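Asker: So that we are looking at the same thing, I have put the structure below in structure tokens.
Every number in this text was worked out from the coordinates using simple rules, so none of it is lab data. Owing to the predicted nature of the structure, the values given are computational and were not obtained by experimental measurement. Here Cβ is always computed from backbone atoms with ideal geometry, including for glycine, and neighbour counts include all displayed protein chains.
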Amino acid sequence: MSCDEVRQVLLDGAGAGRSRGDVTAHLRQCGSCRAAGEVYARIRNVLQPTAHDGAVRDGAAEPVAGWDAFEQRLLASPRPNGARGGGRWIGVRGSLGLGLAASLLLGVVGFQVGRWYAGSPAPLASGGKNTDVHEPTQNPPPHARLAAADVTRQVRAFEEVSQVFDGRASWVMLSDDATDMGLAPQPLDRPQPALLMLRMTMLRENQIISQADLVIVTGESADLSVPIARGRTLRYQIDTTRDTPTRLNLWAEVLTPAGGEALGALATTLRAEPGRNVSAGSLTTTGGVYELQIDFAQGAATEVVPGEIVPGEVGPGGASRPAPPAAEMMGS
Amino acid sequence: MARIEADWHAVLAAEVRRSARLLFRLAYNVLRDRAAAEDACQHALLKAWEERERLRDPPVLRSWLARVVVNESLRLVRRRNVERKSLQLAGGAARAVAGASVESDVRESVLLALEQLPERSKAVVTLRVMQGLSGNETAELLGLSAGEVSRQLHAGMEQLRALLDDWDADAVMTRDDE
């Protein structure tokens, strides 16, 4: 038997007509196939449900709110009228019985009420655009939305960083390509600081070129950079207010690989209304037009007891097994 | 246009009723997190809505949704991994971070490697190894021949081996120790 045939048998039992003895004989004299078989087995052991994963093994894992509500949620996502309720279970935590009605209500009302802050315009950047009224984005890509699980993870990440730095964390940024954080000189004076979450999605020709999630204590400022294609950097400077709803002054610029020259910039003022996805405007470089979409959510940090952070499933209804309170979301 | 959209919505609704459990369990087996698994499924439905012009053929819809759910679930694993690394950078918080056990580290390494496989191999390995589907079930779901499933499983596992190259050394050491 060839090594390929033996490995095929090891993987899925293929190779009818070959006796077990043939395979054993081959393995006895082929160290390479023995090593391959051991690695296959290890991969299987790691990926297959274990004795500890009873719900997976028995096929008993169920959605947080049960199968009916889950199907309703999926059906509520795409709707023929162009509106969508994608990922917006943040506001219906604990109200599982509302099911489809709640999802539809949040999806539709979320797009129809509210106006964006039209306050004092921020300084206009050279080559930039300043828009003072921001309408909800009509068709944000699915990844541009902050889902309930995202919000919970972001708050937890913030809490853990804050814990390490004695309550001085003022913001934490997470993206696929970079992470960063900001520290205040002194511990923040509020025991449960209000947190604002932003998913900043930069698109060019409707393609996502960068996405970063920011958790920031309201009233604080953030200065962060995210690498993008061709060695360039996307830099955001954000100031927030403590009032409700929080207002933001936002500066975004694309920098050259050398890190100095701004190829284009955008300055704007926004009102952060949780659950809304807005187009914050666009900036133009010689490489094209970039559009910035921002999705908002809100939360509050809670005290995390050192050494008690445990893994757990956290969904729209909160932690599903004993765990420190990670996120107290305040509407969407 | 409105009628086309209504028709497509009806097609999706029928598919949700047929496949919701399969899709959820696919995502859950990767993520081990119910809320995240739901998000991955919803992402697939939203994407199916956006791609309605291209996805005209209902028989392929289930297969397409399964692949999107797998891809999105693995993307979420990668994102979770980045978040955890950020906490490690933040001064050793990883010692206290959820899921930081050696066992979950190993699993996550394999999942991150799995995400790097070509689409077809990734789907086959996920369904055959993680989901425990038979070769024929996998072939039917993905619209492939049984032979192709077998080839993709072989190719996928070999690529995983290459990506986890230190595992070969471990295997040899274990054998030598015995």
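Asker: Give the Rg/Rh ratio for the stretch A:180-261, taking Rg as the radius of gyration of the Cα atoms and Rh as the Kirkwood radius, to two decimals.
Answerer: 1.02
Asker: May I pose another question? Averaging over every viewing direction, what projected area does the convex hull of the Cα atoms of the stretch A:218-263 cover, in nm²?
Answerer: 3.3
Asker: In nm, to one decimal, how far is the modelled label at A:Trp67 from the one at B:Ala155, with both set 7 Å along Cα→Cβ?
Answerer: 3.6
Asker: Still on this model: Partner chain Cβ atoms within 10 Å, averaged over the residues of A:223-235 - can you pull that number for me?
Answerer: The shielding value for this peptide is 0.
Asker: What list do you get for A:Cys30, B:Cys41 if you sort them by fewest beta carbons within 10 Å?
Answerer: The most exposed by this proxy come first: A:Cys30, B:Cys41.
Asker: Using a Förster distance of 45 angstrom, determine the FRET efficiency expected from the C-beta separation of A:Leu183 and A:Asn206, and round it to 0.05.
Answerer: The computed FRET efficiency comes out at 0.75.
Asker: Still on this structure, please answer the following. Looking at the calculated P(r) for the stretch A:155-215, what percent of the C-alpha pair distances fall above 15 Å?
Answerer: Of the Cα pairs, 52 percent sit more than 15 Å apart.
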